[in-house]
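Student: This structure is in structure tokens; I'll ask about it shortly.
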């Protein structure tokens, strides 16, 4: 129920934001057009946010024959815990990472990078896949996918406001308003991510460890992922960074301000009951 409410809240917020922009830049007609656009975007965010996230990272669907190592693990776990089999995707990147997306367990997808397949042993990979199935089982894949789409939309809206709101509105201070939108939009996107991310990762860690009965395998995987992703970073957009099991590189460093994940050391400590053996 909590995630359903959050999803409705985010979609409503997007509608109100679009209508406000429409009124500011186009008066009553602008607001009407904004309402129509918001309806289309809400539809897209609900039904296609997973496909947008997968396309952003060029994720390719794979068959059982192409990737039996992942298929066998996921199939075994989903049968045991009573979840539908998700679609499996591979992201052609060397940086090790993974995410789950979809609007519900019957329309879920799990994506892994080529790098994670090369880095982890079978037990560690099982721990990561169990974590992602934890997101599916906890029904937070919709809210995280919708948040990614909305955060991306806010960013694009800010650019639109900046490029098209300047000349005509400059005399009335519209140019300043457009620049403020450009500054505020990433902050709005960050707030959306923070609203859905940090506790989700702890919960998915705990659920995944419960599914496998082996929290140490997931802890070992997280330690490897944290270390290796620093050496071979994945550059991600701020609007989608919260989807991944390990925080990707955002291209700028504002310390913990833009962090969408709990510190890996704390996640490991929760899983194993003792402090992690590396500095975070």
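The numbers here are math on the coordinates, done by the rules we state, and not lab data. Just so we're clear, the structure is a prediction, and the values are computed from it rather than from any experiment. A quick note on method: Cβ atoms are made from the backbone with ideal geometry, for glycine too, and the neighbour counts reach across all protein chains shown.
Student: Efficiency by 1/(1 + (r/R0)^6): what FRET value for residue 51 and residue 114, r their Cβ-Cβ distance, R0 = 22 Å, to the nearest 0.05?
Tutor: 0.60
Student: Take peptides 104-112, 21-29, 140-148 and line them up by average Cβ neighbours within 10 Å, highest first, as a rough protection proxy.
Tutor: 140-148, 104-112, 21-29
Student: Could you give the nm distance between label points at residue 216 and residue 40, where each point is 7 Å from its Cα heading toward the beta carbon?
Tutor: Result: 5.6 nm between the two label points.
Student: If packing is taken as the mean number of other Cβ atoms within 10 Å per residue, what is the order of 78-84, 49-55, 96-102, highest first?
Tutor: Those peptides, ordered most packed to least, come out 96-102, 49-55, 78-84.
Student: Let me ask something additional. When the Kirkwood hydrodynamic radius is evaluated over all pairs of different C-alpha atoms of region 41-128, what value in angstrom, to one decimal, is obtained?
Tutor: Hydrodynamic radius (Kirkwood, Cα only) of region 41-128 equals 13.5 Å.
Student: Quick one: which of 33-39, 60-66 comes out on top by average Cβ neighbours within 10 Å, and what's the full order, highest first?
Tutor: 33-39, 60-66
Student: Here is a follow-up. Just to verify a number: FRET efficiency for residue 76 and residue 13, C-beta to C-beta distance, R0 = 25 Å, to 0.05?
Tutor: After rounding to 0.05, the efficiency reads 0.05.
Student: Testing the spin-label approximation: label points 7 Å from Cα along Cα→Cβ at residue 23 and residue 232. State their distance in nm.
Tutor: 5.1 nm
Student: A follow-up question, please. I want to check the label-to-label distance for residue 106 and residue 94. Put each point 7 Å from Cα in the C-beta direction and report it in nm to one decimal.
Tutor: The modelled label-to-label distance comes out at 4.3 nm.
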